[in-house]
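Chemist: I'd like to ask you about the structure that follows.
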Amino acid sequence: MCRTILFLTITLLSSLFSTEVSGRILSDASDKKLQVRDTAISLSEVAVVAQLKQKNDLRLEPLSSSVLKMGNIERRQISSLNDFSYYTPNLYIPDYGSKITSSIYVRGLGSRIDNPAVGLYVDKIPYLNKNGFDSDLWDIMRMEVLRGPQSTLYGRNTIGGIINIHTLSPMVYQGTRFSVGYGNGNSLNIKGSTYWKPGEKWAFSVGGNYYSTDGFFDNEYDGSDCDWMKGGSGRFRLVFKPGSRLTIDNSFIAGRVEQGGYTYSLYDAESGTTAPVSYNDLCGYERTTISNGLSVNYEMDRYLLSSVTSWQYLDDCMTLDQDFTPKRMFTLQQAQNEHTVTQDIVLKRNGENKRWQWLSGLTLFYKSMKMAAPVRFKQDGINELILANINKGIHTVFPNDDILFQEDEFDIFSNFKAPVFGAAVYHQSEYKVGRFAFTAGLRIDYEHSQLDYDSNSSLSYKFTLTMQQFKAFRTQLKGKEKRDYIEPLPKFAVQYSLKDYGNLYVSVARGFKAGGYNTQMFSDILQNQMQTDMMADLGVYFDNAGIAGYTVGEVITYKPEYSWNYELGGHFNLWGGRLRADAALFYIDCTDQQLTIFPSGKTTGRMMTNAGRTRSLGGELSLNARVASGLDMGLSYGYTDARFVKYNSGIADYKGKHVPYVPKNTLSATANYTLYKLGNFLDKLSFRAGYNGVGEIYWNEANDMKQKFYSLVNGSVYAQKGLFSLEFWGKNLTGTDYNAFYFVSVGNTFFSKGKPAQYGVTLSVEF
Amino acid sequence: MKLKLFFRMLLCSMALLSFAACSDDDDSLFIEDGIIAYVGDVVVDQNDGTTYTDKDVKIELTFDAVANTAEMLVKQVKFAEKMPIRLDMTVKGIDFTIAGSGITIAGNNIVPEAMGGPFPMYTIINLSGKVTDSDFSFSMKCGEFPVTFTGKAVLTSAK
């Protein structure tokens, strides 16, 4: 009983003075219904903080973290990880322009394609594929980001940290929520959910959302909407608690999205300007995701045994005009079908105030991925990308004769199977001596990855000097690559308690990001192979062919990335708890950092490569204060200086250059002022003003292109009366013009613009 | 012994598609589908008082006893230092005669095939040569350039 009271007390205190202070003082609530709505966030702490591997209050741990709770998530119109990143220092998730993936950067580590640098967990379920990261966020009770490698407890691909998302649980909130929002860009957003607890032993919730938008950019080529989107998702959650010890929690989530193309604009280096979006071929993306997660907790007197089992299904298809110009160059379709099964079993010492606290775990996963990625070369592409290359050599000997293709279009088919499985065992202990707490942990991570590839193409060609007829020709690359990794992933930390004033800590941890395969390069590889094979078919061999001598395995395989993260930080409670400050300084030594590069020349793909060594240093500072009754203010700032220590691409030496895509500064400031009980007219009136600043960001290894520091201003006015609430909101209200992302295709540079001013209104009802 | 094997090869080539039936288990030069290969130097008179030698050029000979012709595939050959490419060149319709310890070949005004079709630029003039189970040599004029070849037989896999 005492333990329970203590537990609840800590929880309520932590919710009162959360990283982002809740907009409502609990004791103010006289209206029971209102209290339920607002306290849903706080009460949910009891459930949410029953974390699988972390402490209930992340600020008691020797790590740098940020937390956003439900009120702040909804008031800030956070509906994606991209929105979330603006409010967390040193976390940068640019608008990729498509939901196909999320490029996440933390403290100088990140990933544009393939394996993520940050792990994502939704209700304790790990999402292994970045393609599923950009999903619909609604009825989110709590979002957390843990910065720095979390590989000891979470394993592969958490080299930059993890993001934890906790959805609203029917065990802690019962009611029905419905909202409809409309904004510029003809953007419609509808959400509805209901939470029931028919008995003490079980509860369930059902919910769904739908959204559509015309987007904010037009394709000048045909005047169509470029970044239109529509989609929705559904969630069913069932919690069963047959007794005081056992809890079974099952979440089923399904989602569907259909959207238009990237908003890539051709960049003119001479003038420094970007042209309007203009491309001729179809661009779009569609995705269906289904996942089910079963969490079972059995609480014993001294131990807590937890099991999380998940199955995830992802089926998506991306269609691209990959030259992003009005020319008939080439298109890409990439269709994936993936099944993932994960299992995590954790045994830990029950109760957080024991002198020796520990947890041990076992993790297993299997991921099966099939992908078809045909590239279609059209007339301009055939002429400029393929025949130009082939005939360049031919013309050195036969200046008046050419190789010709019979087809106006032809396909390079590429089919892949990429099974991955892994297993890990881990243990972490914390031992308290006086005010000190010593933490040590170790994980042994094993991973096997494989790629079966079959890339082929058929066409007819002739050499005008010697051939009267076209000759059928086929080229094919078929093979298999596989890799095994065994990685020890240790962590050490020492924490010193300042009692009521917080704590200080130092930590050292190793991070690991799995290696992988450059499937995106097969179009280029097969083009080269086609040239080689076609010349061999003709019986022609160039002395200086310009066709690199390589093995397919060398080109398509990239190595794992490793890091050591050294950190000094603290969590502070000042002025009687009215000001909370979190600060951290870090230094990261990273070897074989995975970089997405665009090979020089008129190549059609991009590839992951390993930089020799990088280092990243910086810090985070978060301040959150209740300045006066009803007035909350928050400030967070992150600084990162990430540079190459050793990286020679073979073309240039980038030592000392900034690591691309990593913002040097991330700044967020928020003020929220709330008035309660304005006569009989309103129960609540809240004003929020927000500022986000990001930059500068270098786009390439040479650092010759960058986005300067830019500012976004956001705000909202929220009014509540009884069951209803109305909110007027705006993002990027000043219409800041900035580049959100960078891309290179066939030697052309493109930028994706950030979204312009967005504004809208949301009507909600809750009962 | 070698000569005997050599003629067995020739007999096999007559059968054309007798893929595996004629293989032997000793160190024979016999190639399953009737191809015998030689590696040696191609020497090209540059018509300017100099010669260019392309070393280790592989030449495959195929004999068709029914048609009484031979085919010569010169693989990845260069005829001049500044020639930026190597070519596979096939000379078909070569006459051959079994004579003494070997075979003599001859041909004139043969348009070779290269780069996917007839290649009149390198029309073969006055081809004459001698083939044994260990050596192959010939001389000819390839286009405007006198060419000689001297090579040794090698074991090769048939393609």
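Throughout, read-outs are computed from the coordinates displayed, never taken from laboratory work. It should be emphasised that the depicted structure is a prediction, and the values quoted were computed from it without experimental measurement. Glycine gets a Cβ as well: all are built from the backbone with ideal geometry, and neighbour counts include every protein chain shown.
Chemist: Between the helical axis of A:522-538 and the dominant principal axis of chain A, each derived from Cα atoms, what acute angle in degrees is found, rounded to the nearest 10?
Modeler: 10
Chemist: I would also like to ask the following. Given contacts defined as C-alpha pairs under 8 Å and at least six residues apart, what's the relative contact order of the range A:303-370, whole-number percent?
Modeler: Once normalised by length, the contact order is 36 percent.
Chemist: Tell me, what is the FRET efficiency for residue A:435 and residue A:689 to the nearest 0.05, using R0 = 56 angstrom and their Cβ-Cβ distance as r?
Modeler: 0.90
Chemist: Sticking with this structure for a sec: Can you list the residues of the range B:77-106 with backbone N under 15 Å from a point 7 Å past the Cα of residue B:51, pointing along Cα to Cβ?
Modeler: Inside the label zone: B:79-81.
Chemist: Related question: If you count, for every residue in B:109-120, the Cβ atoms of partner chains within 10 Å of its Cβ, what is the mean?
Modeler: 5
Chemist: Modelled label-to-label distance, residue A:271 and residue B:128, 7 Å Cα→beta-carbon offset: nm?
Modeler: Roughly 7.4 nm, to one decimal.
Chemist: Largest first and to the nearest Å, give the Cα extent of the range A:2-766 along each principal axis.
Modeler: Principal-axis extents of the range A:2-766 (Cα, largest first): 93, 55, 48 Å.
Chemist: Same structure again: For helix A:2-16, what angle does its Cα long axis make with the longest principal axis of chain A, in degrees from 0 to 90 and rounded to 10?
Modeler: Relative to chain A, helix A:2-16 is tipped by roughly 60 degrees.
Chemist: Can you spot the lysines whose alpha carbon is less than 21 Å from residue A:462's alpha carbon? Ignore those fewer than 8 places along the same chain.
Modeler: A:378, A:392, A:471, B:75
Chemist: A follow-up question, please. Students often forget the sequence filter, so: which lysines lie under 27 Å Cα-Cα from residue A:482 once same-chain residues fewer than 8 apart are removed?
Modeler: Candidates past the 8-residue exclusion: A:130, A:367, A:370, A:417, A:513, A:559.
Chemist: Moving on to the next point. Sort the following peptides by mean Cβ neighbour count (other Cβ atoms within 10 Å, averaged over residues), highest first: A:505-517, A:489-501.
Modeler: A:505-517, A:489-501
Chemist: Treat each spin label as a single point 7 Å out from the Cα along the C-beta direction, and report the residue A:196 to residue B:154 distance in nm.
Modeler: Result for the modelled spin labels: 8.1 nm.
Chemist: At a Cα cut-off below 21 Å, give the lysines reachable from residue A:499, other chains included and same-chain residues fewer than 8 away excluded.
Modeler: A:55, A:354, A:432
Chemist: Restricting to Cα pairs below 8 Å that are 6+ residues apart, what does the relative contact order work out to for the range A:2-766? Please round to a whole percent.
Modeler: 11
Chemist: Which angle between 0 and 90 degrees, to the nearest 10, do you get for helix A:32-48 versus the longest principal axis of chain A when only C-alpha atoms count?
Modeler: Helix A:32-48 and the main axis of chain A meet at about 70 degrees.
Chemist: Evaluate the distance, in nm, between pseudo-label points positioned 7 Å from the Cα of residue A:711 and of residue A:748 along their respective Cα→Cβ axes.
Modeler: Taking the two extended label points, one gets 3.5 nm.
Chemist: Please identify which residues in the range A:271-293 have an amide N closer than 11 Å to a label point set 7 Å out from the Cα of residue A:380, following the Cα→Cβ vector.
Modeler: Inside the label zone: A:278-281.
Chemist: Given a Förster radius of 56 Å and the C-beta distance between residue A:652 and residue B:106 as r, what FRET efficiency does 1/(1 + (r/R0)^6) yield to the nearest 0.05?
Modeler: Computed FRET efficiency for residue A:652 and residue B:106: 0.40.
Chemist: If you don't mind, another one. Highest mean first, what order results for A:215-221, A:734-740, A:277-283 on Cβ atoms within 10 Å?
Modeler: A:277-283, A:215-221, A:734-740
Chemist: Tell me, what is the FRET efficiency for residue A:471 and residue A:627 to the nearest 0.05, using R0 = 56 angstrom and their Cβ-Cβ distance as r?
Modeler: Rounded to the nearest 0.05, the efficiency is 0.10.
Chemist: Taking the range A:196-269 as the region of interest, what is the percent of Cα-Cα pairs per 10 angstrom bin, listed from the shortest bin to the one with the maximum distance?
Modeler: Once binned at 10 Å, the Cα pair distances of the range A:196-269 give 16, 27, 19, 15, 13, 8, 2.
Chemist: Apply the a/c threshold of 1.5 to the C-alpha gyration tensor of the range A:126-209 and tell me whether it is rounded, prolate or oblate.
Modeler: Oblate.
Chemist: Turning to a different aspect of this structure: For the modelled label position 7 Å from the Cα of residue A:678 along Cα-to-Cβ, which residues of the range A:704-729 have backbone nitrogen atoms closer than 11 Å?
Modeler: From the range A:704-729, the list is A:717-721.
Chemist: Right, next: Lysine pairs, Cα distance under 29 Å, 8 or more residues apart or cross-chain: how many in the range A:618-731?
Modeler: Number of lysine pairs found: 20.
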